[in-house]
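Accompanying notes for the structure given below.
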Amino acid sequence: MKRALALARKGAGQTSPNPMVGAVVVKNGRVIAEGYHERAGKPHAEAVALERAGKQAKGAELYVNLEPCCHTKKRTPPCVGAIIGAGIRKVVAAMADPNPSVSGKGFEALRAAGVEVASGVLEREARTLNEAYIKFIQTGLPFVTLKSAMTLDGRIATSTCESKWITGQEASRLVHKLRMEVDAVLTAVGTVKADDPQLTCRLDTADLELAGRQTARDPIRVVIDPDLESPPGSRIFKTPPQTILVSRKPVLQWVKNSGVKFLKAGQKEIPLPWLMAELGRMGITSVLIEGGASLNARAIEQGVVDKVALFYAPSIMGGMQSVPAFGGKGAASLADMARIKSVSIKKAGKDIILTGYVDLQNKD
């Protein structure tokens, strides 16, 4: 199952809106074939592994990190039929598929055909791997990760707004890898005006090889710009792929001419829960927030963040006028603070990376 999970991860950032899935065919205690779902529209992991196994699949066991599909509401044939047809004697899955079109039905169909089924092996790891897919399929909302790079005292810019570069190259590579693995990156007009970012994935050949890729997929960019203050010449509007501009103002001619997708908000302050619902309706399953103090604070306060990835440089900026990673009014009491759970810490060069999940239950 660990191998199936490792294979599945090779599809990170490529399979949306499908889950990441890996499959391993084992016979007489020996791996005879394996495969993974490379990208949406291509064969599923089970089909790839079974084709590679050929006639040896008869009487073998199949290890897969997600319940095999059994429905036809997709571009590829259901995997359950292929498993039964190949003569697999036992299927070991990490978890049931939360998709209502599958959700236990795949297991039922296999058992009805005489295939032994076991589930729950490394389920926690499997759920973490496909956390974006699980949230999207259950709620229609994208899984949101908030990324911010800061000093040890939580500052993202000096009093003169100097911010490049607080963290080092190793951290930068990890940020580009994060972008490669999400459907969209969300920022705000302040960041566009201050940094003129591209928000693309720029990994070299060695980094791509480590990730098991030949090319990197750039995310859609989403810019919150209530009053349409973004400079028309900004790189984010000229660099593929698509950019979505979100504003409360009527669309301007330069936006129409640029090919940028325009999303009109009906309220004075653009509510982030509304925006996430709109992005979900567009089929965007995962979002990485890369903004400033204001957007970071609003995202936490409005409860749209699922996970944080905080990059700390081993430095202290100090100063009452330097810019904090999270602005806004802040918590009125300790009880009102956003709590982070399941925290993990690792190093990237000289920098420290803290990841964890926002405890929405505690916050509420």
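The values are calculated or read from the model by the stated rules, or taken from the named source; none is laboratory data. As the structure is a prediction and not an experimental result, all values here were calculated from the model. We place every Cβ from the backbone using ideal geometry, glycine too, and count neighbours over all the protein chains shown. Surface areas here come from the heavy atoms of the whole protein model, side chains and all, with no ligands, DNA or RNA. Shrake-Rupley method; radii C 1.70, N 1.55, O 1.52, S 1.80 Å.
Here segment 200-230 is the region considered, the condition is being at pLDDT below 90, of a type in the set (A, V, I, L, M, F, W, C) and surrounded by 18 or more Cβ atoms within 10 Å (Cβ to Cβ), and the residue that is farthest from Val251 (Cα to Cα) is Leu203.
The set of residues in segment 141-184 being open to solvent by 30 Å² or more (accessible area, probe 1.4 Å), closer than 26 Å to Ala277 by Cβ and assigned to a loop (DSSP other than H, G, I, E, B) consists of Leu141, Glu181. Of all residues in segment 286-315, which are open to solvent by 70 Å² or more (accessible area, probe 1.4 Å) and not in a helix (DSSP H, G or I)? Scanning segment 286-315 gives a single hit, Pro314. For segment 276-285, a residue qualifies if it is part of a helix (DSSP H, G or I) and crowded, with 22+ Cβ neighbours inside 10 Å, and the qualifying residues are Met276, Leu279.
Pick out the one residue from Ile300, Ile244, Ile289, Ile284 that is more than 18 Å from Leu146 (Cβ to Cβ) and of a type in the set (Val, Ile, Thr).
Only one candidate passes the filter, namely Ile244.
Yes/no per residue for (1) surrounded by 11 or more Cβ atoms within 10 Å (Cβ to Cβ); (2) over 20 Å from Ala149 (Cβ atoms):
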{"site": "Met317", "(1), (2)": "yes, no"}
{"site": "Ser322", "(1), (2)": "yes, no"}
{"site": "Phe326", "(1), (2)": "yes, no"}
{"site": "Ser342", "(1), (2)": "no, yes"}
{"site": "Lys346", "(1), (2)": "no, no"}
{"site": "Thr355", "(1), (2)": "yes, no"}
{"site": "Asp359", "(1), (2)": "yes, yes"}
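Here Val31, Val26 are screened, and the one residue that is assigned to a strand (DSSP E or B), without any contact (Cβ under 8 Å) to a residue 40 or more places away in the chain and open to solvent by 30 Å² or more (accessible area, probe 1.4 Å) is Val31. Here Gly114 passes the criteria (1) open to solvent by less than 50 Å² (accessible area, probe 1.4 Å); (2) without any contact (Cβ under 8 Å) to a residue 40 or more places away in the chain except the one numbered (1). The numbered conditions (1) touching a Cys at 6+ places or on another chain (Cβ under 8 Å); (2) of a type in the set (A, V, I, L, M); (3) touching a residue at least 40 places away in the same chain (Cβ under 8 Å) are all true for Ala47 except (3). Filtered by the rule that a residue be at pLDDT 95 or above and touching a His at 6+ places or on another chain (Cβ under 7 Å), segment 57-96 gives no residues. Among residues of segment 158-169 that are in contact (Cβ under 8 Å) with a residue 24 or more places away in the chain, those with a Cβ under 8 angstrom from a residue that is part of a helix (DSSP H, G or I) and of a type in the set (Asp, Glu), sequence gap 6+ or separate chain, pair up as Ser163/Asp195; Lys164/Asp195.
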